[in-house]
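The values are calculated or read from the model by the stated rules, or taken from the named source; none is laboratory data. It should be emphasised that the depicted structure is a prediction, and the values quoted were computed from it without experimental measurement. Here Cβ is always computed from backbone atoms with ideal geometry, including for glycine, and neighbour counts include all displayed protein chains.
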Amino acid sequence: MKLCPGCSSDAVWTIDKPCIRHYSTSSTTLKERKMALTIANPGIQYSLRIPAHRFRQGERDVFSFALDLATLSGLLPERVDEDVVKDANRRLTVSHAKNIQRYLLNERSNWVLGALLLGIAPDAVEFNGYPDENGQRSENFGELRIRGDKKSTMKIFDGQHRRRAIADALEELGNDVHQTEKLETLRSTSVPVVLYVEEDIKALRQMFADASKTKPIEGNTVTRFDERDAFNLTAMHLSEHSNLFAGRVEMERTTVRRASECLIAINQLAATLKTVDVGYSGRVSRERNDDHMLDLDSLHERCLTWADDFMPSARQEYEDLMAGETDNSEIPKLRPTTFAFNASVIRILAGCYFEWTKGGDDWKPLADFIRQSSLVPGRNEGEGSLLVEAGVVVPGGTTPLPRAQEVKGAINHIVTEARKAGK
């Protein structure tokens, strides 16, 4: 260890972490050209010294910088009381942290974590602006110093689950002697940190509430953007290659309007394809999704069989669409005459298909039964309405009930009646 040339005597550096202001690009390797970061030894005044950007938000000073995961894990306190609202944090949900942990470990080459938001006492930080070529110190760029005796005033108000996930991921890799390289790679990667000069707990809680008021990502956008989900990819595939669904999938909204020429929204189609694979109440595990990702062609083929073989066999309405007998422009005016153009009913038919075929049975008897049944809205009990008899549409109703209990009951009823009819 030696002193950085050109710096004051307290600017300690090493060959692996040279001073960011004075390293020479001609005399250091790419690996050596890192952010200067010094964690002080016991007895030194500062527990963290790091290059940072200082700016203002409202009436608060704010600092932004990046920390490698090893430093971050060692710097921030770990929560041990998970089941309570503490400081400016909600209850810690261990399962959520575990999901982030698995994400870090499985997607280590291309993961994304947003900035951790922290608050700290005003007297815990010092900022020393870097001089420009004229010797004038910058108001915005310089070295942030956090006093060792005040470090405990630093509190996370957004990011506790990420912090736990990082610590657990490093611990898991550290306990496996075969994961040394993976551990070092993860330890050396960084996440952004935004540090607000604010220590009042009430203020931090309000800041957490404000930061959490983000607009959720709509389901159709997730389906179109998230390519780690096999059913999102398959829904996109069917929206382009299925004879039934190509050109009839709503891409811009999460539901289908009554005046729409589409049968189903893209997010609804993804959920329906999961029903084809695991049933209405089934859950696609991470392992199952990973298996499908390794063999997407098989999943595409199974879902296309349901869409382009079973569905037109089960309903004349779908057959007419695929044959061109019914134009897409006619779908809105036909909607009041048949439940076949209802997205919820399409998913019910997917659930029936799964229950019927999960034991290897030929789906044709089920399709024949559904084709012979009435899906006319507004019919009363006893008038031959399949969905009314199944309990998912009230007598005289025009829309299926949305509750899962009724949907599962309807699927079971239709499958049971179809088996009786086939005997």
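Would the stretch 230-243 turn up any residue that is loosely packed, with under 14 Cβ neighbours inside 10 Å and assigned to a helix (DSSP H, G or I)?
Taking the stretch 230-243 and keeping what is loosely packed, with under 14 Cβ neighbours inside 10 Å, we get 240-241.
Adding the requirement that they be assigned to a helix (DSSP H, G or I) leaves 240-241.
Checking the stretch 230-243: at least one residue is loosely packed, with under 14 Cβ neighbours inside 10 Å and assigned to a helix (DSSP H, G or I).
In a residue-by-residue description of the stretch 319-337, the property of being surrounded by fewer than 17 Cβ atoms within 10 Å (Cβ to Cβ) and at pLDDT below 95 applies to at least one position. Of all residue pairs spaced 6 or more apart or on separate chains, none has beta-carbon atoms under 7 Å together with a first member in the stretch 48-74 that is over 17 Å from residue 114 (Cα atoms) and of a type in the set (Asp, Glu) and a second member that is modelled with pLDDT of 90 or more and outside any strand (DSSP E or B). Out of everything in the stretch 209-227 that is surrounded by fewer than 15 Cβ atoms within 10 Å (Cβ to Cβ) and touching an Asp or Glu at 6+ places or on another chain (Cβ under 8 Å), what residue ends up being modelled with the highest pLDDT? Applying the filter and picking the extreme gives 211.
Here are some residues: 378, 397. Which one is small (Gly, Ala, Ser), outside any helix (DSSP H, G or I) and on the phi < 0 side of the Ramachandran plot? Lay out the reasoning, then the answer.
On the way: 378 fails: on the phi < 0 side of the Ramachandran plot.
On inspection, the qualifying residue turns out to be 397.
The criterion of being assigned by TED's automatic domain parsing to the domain that holds residue 319, polar (S, T, N, Q) and in contact (Cβ under 8 Å) with a residue 60 or more places away in the chain does not hold for residue 239. Taking the stretch 81-185 as the region of interest, the strands (runs of 3 or more DSSP E) fully inside it that hold 2 or more residues being free of Cβ contacts under 8 Å to residues at least 40 places away in the same chain are 125-131, 137-147.
With respect to the stated conditions, residue 311 is within 32 Å of the chain's Cα centre (by Cα) and of a type in the set (A, V, I, L, M).
The residues of the stretch 290-305 that are surrounded by fewer than 16 Cβ atoms within 10 Å (Cβ to Cβ) and in contact (Cβ under 8 Å) with a residue 60 or more places away in the chain, listed by number, are 293, 296.
Taken together, 60, 49, 56 contain a single residue that is over 18 Å from residue 165 (Cα atoms), surrounded by fewer than 14 Cβ atoms within 10 Å (Cβ to Cβ) and modelled with pLDDT of 90 or more, which is 56. Against the conditions (1) farther than 19 Å from residue 217 by Cβ; (2) surrounded by 20 or more Cβ atoms within 10 Å (Cβ to Cβ); (3) among the charged types (D, E, K, R), residue 250 satisfies every one except (1). Residue pairs whose Cβ atoms lie under 7 Å apart, sitting 6 or more positions apart in sequence or on different chains, and linking a residue in the stretch 396-418 that is in contact (Cβ under 8 Å) with a residue 40 or more places away in the chain to a partner that is surrounded by fewer than 16 Cβ atoms within 10 Å (Cβ to Cβ), are 398/378; 408/281; 418/365.
Whenever a residue of the stretch 206-217 is in contact (Cβ under 8 Å) with a residue 40 or more places away in the chain, its partners that are aliphatic (A, V, I, L, M), lying with C-beta atoms within less than 9 angstrom and at least six residues away or across chains, give the pairs 207/88; 207/117; 208/88; 208/117; 211/117.
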